[in-house]
1. Mind counting the residues in the range 109-127 that are crowded, with 18+ Cβ neighbours inside 10 Å and in a helix (DSSP H, G or I)?
2. Any chance the range 188-198 includes a residue that's more than 22 Å from residue 151 (Cβ to Cβ), surrounded by 14 or more Cβ atoms within 10 Å (Cβ to Cβ) and hydroxyl-bearing (Ser, Thr, Tyr)?
3. Name the residues in the range 295-312 that are under 13 Å from residue 241 (Cα atoms) and surrounded by 17 or more Cβ atoms within 10 Å (Cβ to Cβ), would you?
4. Hey, does the range 99-110 have a residue that's more than 23 Å from residue 203 (Cα to Cα), at pLDDT 95 or above and hydrophobic (A, V, I, L, M, F, W, C)?
5. Condition (residue is modelled with pLDDT under 80 and either in a loop (DSSP other than H, G, I, E, B) or of a type in the set (Ser, Thr, Tyr) (or both)) applied to the range 300-320: is it met by at least one residue?
6. Could you tell me whether any residue of the range 211-227 is under 30 Å from residue 154 (Cα atoms), at pLDDT below 85 and not charged (D, E, K, R)?
7. Do the conditions hold for residue 267, that is, is it surrounded by 14 or more Cβ atoms within 10 Å (Cβ to Cβ), without any contact (Cβ under 8 Å) to a residue 40 or more places away in the chain and assigned to a helix (DSSP H, G or I)?
8. Take the residues in the range 227-247 that are touching a residue at least 40 places away in the same chain (Cβ under 8 Å) and among the small types (Gly, Ala, Ser); name whichever of them is farthest from residue 297 (Cα to Cα).
Amino acid sequence: MTRVPARWCAAALFGVVLACTTSILAQPAPAGPKPGAAPADPAKLEKAKEHMAAGSLLYNDPSGPQGAKCEAALVEFEKVYELSGSWKALRAVGICELKLERNGAALTHFEQVLAIGGDQIPKDDKTQINNDIKTLKTSTAYVKITTNQPNAKLSATRQPSQGLPVTNRYAVTADGITVGVHPGSYVFTASSDGFPDVTWQAEVPNGSQLEHHFELALKVDEKAPPPKAEMERPVPITVWIFTGLSGACAVTSGTFMVLSKLAKDEYDDQNGVNPNAQELEDMRQDVVTKNIVADVFIGVTAASFAATLIFYFTRPEVPVEPGRAAWTVVPQIGPEVAGATFVTSF
């Protein structure tokens, strides 16, 4: 699309300011003057002058490139047109829209300028407006957007080959919206309160007509983590082996402790009474042997019991198989007892 020369825009807007500040009272209403119509409200026209001056200052702001504050200037020019119905104000609106790449709106307003201004529009200005209309009709692409949520918002961002992205925002009604845009590469984003944004990337050709429907949906909660599996710690075979060994050794050590006690009592009874020294020595050796055997089995019992506890407390956890009861065995070993306690869960 042919760009509006910056010098022309500045001259046109400057001319608008001068014209409005001197002759805005004579401007007709949007639909044209009616015979016998009441004169325009002077208070409204005075406010229109103020908004026109503000819009022109924003557009030609010396602190940055011309048109950098075009969006703010557009608001002021729209207010001027609302208060005065001036075709010159409407033309300023169209120029800002052209600068902002709101091509569809600019085309509509330029056509309205010709209808409202009529013969009041200078020949050169009318020629420029007609040329802009022809160019816009040829190049403007139309995109129809619908959503499943009423009152959604749409942002259209075009990324030019050079320079910063250009973004425009629109309100989408329940019936959708059709916007006229500058051709190029776009990212369209639909948003609505309570819904995640949805984007659509599209290449919009020159003069094309596209349609797209945005389906805004609530966020689907992440799948709940699976229920924690019931775990059990089955007793490995090594625990049973060492439990049995510990019990056997404990019984054996207890047996030899008893035998040693009986042999000691018998030796004490014979000592000093039995004149046979060899027999007494044999009895004494029998007591010593039984004590040694008892001590050995006590040590083996302690070692086996320690190994049983290590194997038992370090056994791994495994999931309980569905439909099977979990059960645990707690060894019970002591000087006077050897066994196990069963703990089950269903």
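The values are calculated or read from the model by the stated rules, or taken from the named source; none is laboratory data. Just so it is clear, the model here is predicted, and its values are computed rather than measured. Using ideal geometry, Cβ is built from the backbone for each residue, glycine included, and neighbour counts are taken over all protein chains shown.
1. If we filter the range 109-127 for residues that are crowded, with 18+ Cβ neighbours inside 10 Å, which is where we start, we get 109-110, 113, 116-117, 121.
Now drop any that are not in a helix (DSSP H, G or I), which leaves 109-110, 113, 116-117.
Counting residues in the range 109-127 that are crowded, with 18+ Cβ neighbours inside 10 Å and in a helix (DSSP H, G or I) gives 5.
2. Taking the range 188-198 as the starting set, the residues that turn out to be more than 22 Å from residue 151 (Cβ to Cβ) are none.
No: zero hits.
3. Listed by number, the residues that qualify are 301, 304, 305, 307, 308, 311, 312.
4. Of the range 99-110, the ones more than 23 Å from residue 203 (Cα to Cα) are 108-110.
With the extra rule that they be at pLDDT 95 or above, the set shrinks to 108-110.
After this cut, where a residue has to be hydrophobic (A, V, I, L, M, F, W, C) as well, the list is 110.
Within the range 99-110, one or more residues are more than 23 Å from residue 203 (Cα to Cα), at pLDDT 95 or above and hydrophobic (A, V, I, L, M, F, W, C).
5. yes
6. Quick first cut of the range 211-227, residues under 30 Å from residue 154 (Cα atoms) only: 211-222.
Imposing the further condition that a residue be at pLDDT below 85 reduces the set to 218-222.
Narrowing further to those that are not charged (D, E, K, R): 218, 220.
Within the range 211-227, one or more residues are under 30 Å from residue 154 (Cα atoms), at pLDDT below 85 and not charged (D, E, K, R).
7. Values: surrounded by 14 or more Cβ atoms within 10 Å (Cβ to Cβ): yes; without any contact (Cβ under 8 Å) to a residue 40 or more places away in the chain: yes; assigned to a helix (DSSP H, G or I): yes.
When the stated conditions are applied, residue 267 passes them.
8. 229
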